[in-house]
1. Can you tell me which residue in segment 122-139 is surrounded by the most Cβ atoms within 10 Å (Cβ to Cβ), limited to those that are within 12 Å of the chain's Cα centre (by Cα) and over 16 Å from residue 158 (Cβ atoms)?
2. Give me the residue from segment 106-121 that is in contact with a Leu (Cβ under 9 Å, 6 or more places away or on another chain) and either free of Cβ contacts under 8 Å to residues at least 12 places away in the same chain or assigned to a helix (DSSP H, G or I) (or both) and, out of that set, surrounded by the most Cβ atoms within 10 Å (Cβ to Cβ).
3. For segment 162-190, name all the residues that are surrounded by 11 or more Cβ atoms within 10 Å (Cβ to Cβ), more than 16 Å from residue 91 (Cβ to Cβ) and without any contact (Cβ under 8 Å) to a residue 40 or more places away in the chain.
4. So which pairs qualify, if the first residue must be in segment 139-161 and outside any helix (DSSP H, G or I), the second must be aliphatic (A, V, I, L, M) and surrounded by 15 or more Cβ atoms within 10 Å (Cβ to Cβ), the Cβ gap must be under 7 Å, and the two must be at least 6 apart or on different chains?
5. Provide a single number: the residues in segment 126-139 that are more than 11 Å from residue 72 (Cα to Cα) and touching a Leu at 6+ places or on another chain (Cβ under 6 Å).
6. Enumerate the helices (runs of 4 or more DSSP H) found wholly within segment 1-69, keeping only those where 1 or more residues are touching a Lys or Arg at 6+ places or on another chain (Cβ under 8 Å), in contact (Cβ under 8 Å) with a residue 60 or more places away in the chain and under 30 Å from residue 160 (Cβ atoms).
7. Would you point out the residue of segment 70-113, among those that are under 12 Å from the mean Cα position of the chain (by Cα) and among the β-branched types (Val, Ile, Thr), that is farthest from residue 163 (Cα to Cα)?
Amino acid sequence: MITVATTARGRRRRAQILAAAAELVAARGFHAVGISEIGAAAGVTGSAIYRHFASKQAILVALLERVVDDLLQGARDAVAGAGTPADALDRLVDAHVDFALRDRALIRVYDQEADHLPEPDRRRLRRTQRAYANEWITTLSALHPGVDPEAARAAVHATFGLVNSVADYHSELAREALRDLLAAMSRAALAAAVPVPA
């Protein structure tokens, strides 16, 4: 049985393994990357990885869980720290844009591999995804009480796709310029769900 690292050193090593795996899998695909390669990229032997993960599949599950868990926690923190629904929505947008720009490799891994997980893991990830989207939908509905719930849901998911697309290309824009552009486009996409007064 693999136990979760409880020491600072163990947590750092686990994080190094996950970061190395994310980069390798994003570049080449999960099945093309071996445990020994992940270990070499993380600065450990392949066999040492098994002190932290039961299998290569367990590394993939941990990577994908990290994506959705980080997003959900970031959304909850954004909403909790906001004074108004408008502020909360701004914080949600900013947090997701920052996540996408920081963790492009993780987004690529998620897009490539989430459908290949065992069903119990897929269900768990989908539950967290739904909870994350619901933070946005609830906030958008609080800001615009007249918005149709399905329009709000569609706009939220379209915004995720828009922002996450940065994982698929290299932009020559400076990071701050790209960040500002993605945030502005996200706010415009969300506003499109709001009915225009007659």
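1. First, pick out the residues of segment 122-139 that are within 12 Å of the chain's Cα centre (by Cα): 125, 128-129, 132-133.
Next cut, over 16 Å from residue 158 (Cβ atoms) only: 125, 128.
Details: 125: 19, 128: 17.
Among residues in segment 122-139 that are within 12 Å of the chain's Cα centre (by Cα) and over 16 Å from residue 158 (Cβ atoms), the one surrounded by the most Cβ atoms within 10 Å (Cβ to Cβ) is 125.
2. Filtering segment 106-121 down to residues in contact with a Leu (Cβ under 9 Å, 6 or more places away or on another chain) leaves 106, 109-110, 113-114, 116-117, 121.
Narrowing the set further to residues that are either free of Cβ contacts under 8 Å to residues at least 12 places away in the same chain or assigned to a helix (DSSP H, G or I) (or both) leaves 106, 109-110, 113-114, 116, 121.
On the way: 106: 24, 109: 26, 110: 23, 113: 18, 114: 18, 116: 12, 121: 17.
It comes out as 109.
3. In the first step, residues of segment 162-190 are kept if they are surrounded by 11 or more Cβ atoms within 10 Å (Cβ to Cβ); the result is 162-167, 171, 173, 177-190.
From what's left, more than 16 Å from residue 91 (Cβ to Cβ): 162, 164-167, 171, 173, 177-178, 181, 185, 188-189.
Of everything in segment 162-190, those that are surrounded by 11 or more Cβ atoms within 10 Å (Cβ to Cβ), more than 16 Å from residue 91 (Cβ to Cβ) and without any contact (Cβ under 8 Å) to a residue 40 or more places away in the chain turn out to be 162, 165, 171, 173, 177, 181, 185, 188, 189.
4. 144/194; 147/140; 147/193; 147/194
5. Within segment 126-139, residues that are more than 11 Å from residue 72 (Cα to Cα) and touching a Leu at 6+ places or on another chain (Cβ under 6 Å) number 1.
6. On the way: elements: 8-28, 35-42, 46-49.
Qualifying helices (runs of 4 or more DSSP H): 8-28.
7. Quick first cut of segment 70-113, residues under 12 Å from the mean Cα position of the chain (by Cα) only: 70-75, 95-111.
Then drop every residue that is not among the β-branched types (Val, Ile, Thr), which leaves 97, 107, 109.
Values: 97: 6, 107: 10, 109: 16 Å.
My answer is 109.
All of the numbers you see were taken from the coordinates with simple rules; none came from a lab. Because the structure is predicted, anything quoted here is derived from the model rather than measured. When we count neighbours, we look across all protein chains shown, and the Cβ atoms used for this are built from the backbone with ideal geometry, even at glycine.
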